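The values are calculated or read from the model by the stated rules, or taken from the named source; none is laboratory data. Every value quoted in this text rests on a predicted model; they were computed, and no experiment measured them. Note that we place each Cβ from the backbone using ideal geometry, even for glycine, and neighbour counts take in every protein chain shown. Surface areas here come from the heavy atoms of the whole protein model, side chains and all, with no ligands, DNA or RNA. Shrake-Rupley method; radii C 1.70, N 1.55, O 1.52, S 1.80 Å.
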Amino acid sequence: MPRFSVSRPSSLREAVERLSSGEGVYPIAGGTALIPLIKKGLLEVRELVDLSSVRELGAIRREDGRVFVGGMVTHSELVDAAPWGMRNVLRDFLRNHTSPHVMNLATVGGSVASSTSSEDLLPVLLAADAEVVLAGRDGDHSVSLEDYLARRDSFRAEMVEGVRVRYVWDGWRFSFSKLSVSVRRMPAFCVVVGARVSDQTVEDCRVAVAFADGLRPGRLRDVEDAVRGKRVDAVRAADVEDAVRRSIRPAGDVHFPSEYRRKVTSRVTALMLSEVLGA
Ligand SMILES: Cc1cc2nc3c(=O)[nH]c(=O)nc-3n(C[C@H](O)[C@H](O)[C@H](O)COP(=O)(O)OP(=O)(O)OC[C@H]3O[C@@H](n4cnc5c(N)ncnc54)[C@H](O)[C@@H]3O)c2cc1C
């Protein structure tokens with residue numbers, strides 16, 4: 001390992017100050033993504049800001065129909081607490097985690113800040129209408145997770161204090177699906193789909209995928225709009241598949257070329273939607 005200093009702030013304000021103190025300063029949460037990058041020489045680090053003593057980042061609390069989950073809450077703690085009404089999705093997220101050791105270390109803030117397709121938590125959070133709470137020198141503010149992912153570089157100087165997600169999902173059915181062939185590789189796909197049906201009509205729905213544009217996860221609003229308000233028996237799987245195909249431009253790699261990812265994501269999303277609609 002190269003040499004660097006480590007600071008251990010005890011408050012969020014102190015952490016933000018350290019982060020703003022110049023080039024080469026990075027927060028470290030679980031370290032599962034950051035340490036390999038440093039070891040491989042892919043990141044030049046002058047100082048790591050260890051977030052483990054920042055109490056504000058460990059909180060999970062209800063706030064007006066939403067729930068706040070602090071940036072240092074681990075993937076395992078999140079699923080144990082199952083703090084909002086999508087328990088089956090959280091359980092399947094954990095069941096599909098490639099590494100039991102990693103899920104005890106990896107954090108919500110680390111997943112959000114990493115902002116890439118290997119973070120299975122991101123489609124889950126996108127489907128849960130998450131907003132990201134950011135703390136910077138000028139104070140706190142929130143942006144939708146979609147906006148955060150689209151403009152990731154604009155938020156480099158800010159800390160992910162946590163995420164806020166919608167708490168109540170009465171009457172909704174959700175489904176999570178992922179295919180991964182190796183711990184070290186990007187998954188082939190990861191999809192979260194949800195819908196609320198009333199009188200055989202799709203009242204509302206959510207479609208979120210790991211590979212929406214390159215390596216950026218995203219919510220497929222065009223697909224949601226095409227389905228919302230339709231009678232269940234009028235939602236054709238072939239049309240959904242086609243709509244997903246037109247909405248995504250996934251990155252490819254040696255295991256899963258872009259066109260393969262596009263095909264499999266479209267097909268799986270259509271099947272998952274049929275399942276949650278009970279069609
Ligand atoms: C073997 C292995 C298997 C894995 N399997 C899966 C899997 O199945 N599913 C899955 O979703 N993920 C998986 N991952 C990915 C891993 O879980 C994530 O990369 C992890 O969520 C990152 O969280 P962390 O707390 O370890 O972040 P760190 O490594 O500490 O940090 C990651 C990045 O986020 C920044 N950061 C961290 N916290 C904050 C904050 N609060 N504010 C601002 N920036 C911050 C850091 O500076 C760094 O740039 C796996 C990783 C490994 C090594």
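I need the peptides 213-220, 34-41, 158-165 ranked by packing, meaning the mean over residues of other C-beta atoms within 10 angstrom, with the highest value on top. Mind showing how you got there, number by number?
Values: 213-220: 20.2, 34-41: 13.1, 158-165: 25.2.
Peptide ranking by packing, descending: 158-165, 213-220, 34-41.
Between residue 203 and residue 236, what is the label-to-label distance in nm when each label sits 7 Å out along the Cα-to-Cβ direction?
So the two model labels end up 2.8 nm from each other.
What per residue convex hull volume, in Å³, do the alpha-carbon atoms of region 172-277 yield?
Details: hull volume 8.4 nm³, N = 106.
In region 172-277, the Cα hull volume divided by residue count equals 79 Å³.
Tell me the relative contact order for region 55-166 as a rounded percent, counting alpha carbon contacts under 8 Å between residues six or more apart. The partial results should precede the final answer.
Numbers: 172 pairs, mean separation 34.5, N = 112.
Reported relative contact order: 31 percent.
Between 5, 205, 250, whose Cα lies farthest towards the positive end of the dipole of the chain when Lys and Arg beta carbons carry +1 and Asp and Glu beta carbons carry -1, centred on the Cα centre?
Of the listed residues, the answer is 250.
Enumerate the calculated ³J(HN,Hα) couplings along region 265-278 in order (Karplus 6.51 cos²θ - 1.76 cosθ + 1.60, θ = phi - 60°), each rounded to whole Hz, writing x wherever the residue is Gly or Pro.
Once rounded to whole Hz, the list reads 5, 5, 5, 5, 4, 4, 5, 5, 5, 4, 5, 6, 7, x.
Could you check how much of the accessible area of the chain is carbon and sulfur, as a whole percent, using a 1.4 Å probe? The partial results should precede the final answer.
Numbers: 6230 of 13230 Å².
The C+S portion of the solvent-accessible surface of the chain is 47 percent.
Is region 50-162 rounded, prolate or oblate when judged by the Cα gyration tensor, a ≥ b ≥ c being the square roots of its eigenvalues, rounded requiring a/c under 1.5 and prolate requiring a/b larger than b/c?
Values: a/c = 1.39, a/b = 1.37, b/c = 1.02.
Rounded is the answer for region 50-162, as its axis ratio a/c remains below 1.5.
Measure of size requested: the Rg and Dmax of region 5-52, with Cα atoms as the atom set and Å as the unit; please supply both.
Spelled out, the Cα radius of gyration and Dmax of region 5-52 are 10.5, 31 Å.
Read phi for every residue in region 167-181 and hand back ³J(HN,Hα) as whole Hz from Karplus 6.51 cos²θ - 1.76 cosθ + 1.60, θ = phi - 60°, with x for Gly and Pro.
8, 9, 10, 4, x, 8, 10, 10, 9, 10, 8, 8, 10, 9, 9
If you take the square roots of the eigenvalues of the alpha-carbon gyration tensor of region 117-225 and sort them as a ≥ b ≥ c, do you get rounded (a/c under 1.5), prolate (a/b over b/c) or oblate?
Working: a/c = 2.20, a/b = 1.27, b/c = 1.73.
In terms of gyration-tensor shape, oblate.
Looking at the square roots a ≥ b ≥ c of the eigenvalues of the Cα gyration tensor of region 48-91, which shape do they give, rounded for a/c under 1.5, prolate if a/b is larger than b/c, or oblate?
Numbers: a/c = 3.40, a/b = 1.57, b/c = 2.17.
Cα axes put region 48-91 in the oblate bin.
Rank by packing, highest mean first: peptides 127-138, 1-12, with packing defined as the count of other Cβ atoms within 10 Å averaged across residues.
On the way: 127-138: 20.5, 1-12: 12.3.
Output ranking for 127-138, 1-12: 127-138, 1-12.
Per DSSP helix of 4 or more residues, -39500 (n - 2.57); summed, then divided by the residues of the chain. What does that give at 222 nm, rounded to the nearest 500? Let's see the in-between values first.
Details: 11 runs with 92 residues, N = 279.
Counting only the DSSP helices, I get -9000 deg cm²/dmol.
Compute the Kirkwood hydrodynamic radius of the chain, taking the inverse of the mean of 1/r over all pairs of distinct Cα atoms, and give it in Å to one decimal. Walk me through the numbers on the way to the answer.
Numbers: mean 1/r = 0.0516 Å⁻¹.
One decimal place: 19.4 Å for the Kirkwood radius.
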